[in-house]
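The values are calculated or read from the model by the stated rules, or taken from the named source; none is laboratory data. Just so we're clear, the structure is a prediction, and the values are computed from it rather than from any experiment. Note: ideal-geometry Cβ built from the backbone for every residue, glycine included; neighbour counts use all protein chains shown.
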Ligand code: HEM
Ligand code: HEM
């Protein structure tokens, strides 16, 4: 019999959709350049706060948000790729790798952006503290890393569409938090761990997120 189980807590879902909107807006603003660069920087600061929040939440968040629950061991990864495991309730082992790559590349992009210089009218707020050579290097990394981000986002969306076609709906759980699971259908014994998503958990998550946003915006 199918059971409804909370997988993604509210702070994680808000993090996800806010991150998607922020990254897309940041890319749209940078294409307009000129005065829109300030808005590009604001999106970058927000992306930085979001990813830092996600890293903290990966240690103290609810069950399926924790890195310990989804970062796969090599054997778990091979078992999944060979089709010998159903992949778990949260991120499957392959998805987990793409999540880590996305978080890392966005963190790198936001960090290098703080030192970047467009050589027209906009410099990242930390560029004045380092040498011109380092500014040039970090600006190049910022320019180049965008291709990884585009590739990873493209792959991410294609993977979600692929699962959708295979009748595995991942989008609804990222909206509502819940998955419908029939333990008998998975062909192996699974532990139905639920993510905590009560008021206290949510207040904790949003307090951390809000504090990071304020801290980053007043610092830069
Ligand atoms: C700029 C665009 C996007 C970025 C940067 C992004 C980033 C991420 C990240 C970091 C995660 C991991 C969530 C976590 O555990 O923290 C994730 C998961 C997810 N994203 Fe996105 N995302 C983007 C766009 C989208 C879009 C457009 C969709 C819907 C079509 C989507 C659907 C999902 C779903 C369903 C998951 C959960 C996957 C699973 O069950 O393993 N994302 N995304
Ligand atoms: C995760 C967040 C960020 C993303 C996805 C992002 C993305 C991009 C992209 C795609 C470009 C265009 C490069 C080109 O067309 O040549 C760019 C350029 C730039 N970004 Fe960001 N950026 C982010 C964060 C930041 C931050 C926080 C700052 C500074 C506060 C910043 C400052 C700049 C500058 C100065 C340029 C122009 C560099 C040049 O002319 O080559 N970015 N960024």
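Within the set of pairs 6 or more residues apart or between chains, which connect a residue that is closer than 17 Å to residue 20 by Cβ and touching a residue at least 24 places away in the same chain (Cβ under 8 Å) inside the range 146-173 to a residue that is assigned to a loop (DSSP other than H, G, I, E, B) and near ligand 1 (Cβ under 10 Å from one of its atoms) with Cβ atoms less than 9 Å apart?
159/170; 173/7; 173/8
Which number in (1) under 30 Å from residue 5 (Cβ atoms); (2) surrounded by fewer than 16 Cβ atoms within 10 Å (Cβ to Cβ); (3) over 16 Å from the mean Cα position of the chain (by Cα) marks the one condition that residue 131 misses?
For residue 131, the failing item is (1).
Checking residue 73 against (1) more than 25 Å from residue 178 (Cβ to Cβ); (2) within 11 Å of ligand 2 (Cβ to nearest atom); (3) surrounded by fewer than 21 Cβ atoms within 10 Å (Cβ to Cβ), which test does it fail?
(2)
Specify which of the listed residues (6, 13) is touching a strand residue (DSSP E or B) at 6+ places or on another chain (Cβ under 8 Å) and either closer than 17 Å to residue 104 by Cα or at pLDDT 95 or above (or both).
6
Any chance the range 137-153 includes a residue that's away from ligand 2 (no atom under 14 Å from the Cβ), modelled with pLDDT of 95 or more and surrounded by fewer than 13 Cβ atoms within 10 Å (Cβ to Cβ)?
no
Among (1) near ligand 1 (Cβ under 10 Å from one of its atoms); (2) within 27 Å of residue 42 (Cβ to Cβ), where does residue 121 come up short?
For residue 121, the exception is condition (1).
Could you give every pair whose Cβ atoms fall below 6 Å, whose first residue belongs to the range 89-111 and is in contact (Cβ under 8 Å) with a residue 12 or more places away in the chain, and whose second residue is away from ligand 2 (no atom under 16 Å from the Cβ) and outside any helix (DSSP H, G or I), counting only separations of at least 6 or pairs across chains?
Between residues of the range 89-111 that are in contact (Cβ under 8 Å) with a residue 12 or more places away in the chain and residues that are away from ligand 2 (no atom under 16 Å from the Cβ) and outside any helix (DSSP H, G or I), the close pairs are 89/7; 90/7; 93/72; 96/71; 96/72; 99/91.
Take the residues of the range 18-41 that are within 22 Å of residue 207 (Cα to Cα) and without any contact (Cβ under 8 Å) to a residue 12 or more places away in the chain: which is farthest from ligand 1 (Cβ to nearest atom)?
Per the criteria, the residue is 21.
Helices (runs of 4 or more DSSP H) wholly in the range 106-220 with at least 1 residues that are closer than 26 Å to residue 80 by Cα and touching a strand residue (DSSP E or B) at 6+ places or on another chain (Cβ under 8 Å) - which ones?
On the way: elements: 132-165, 171-176, 199-219.
Here the list reads 171-176.
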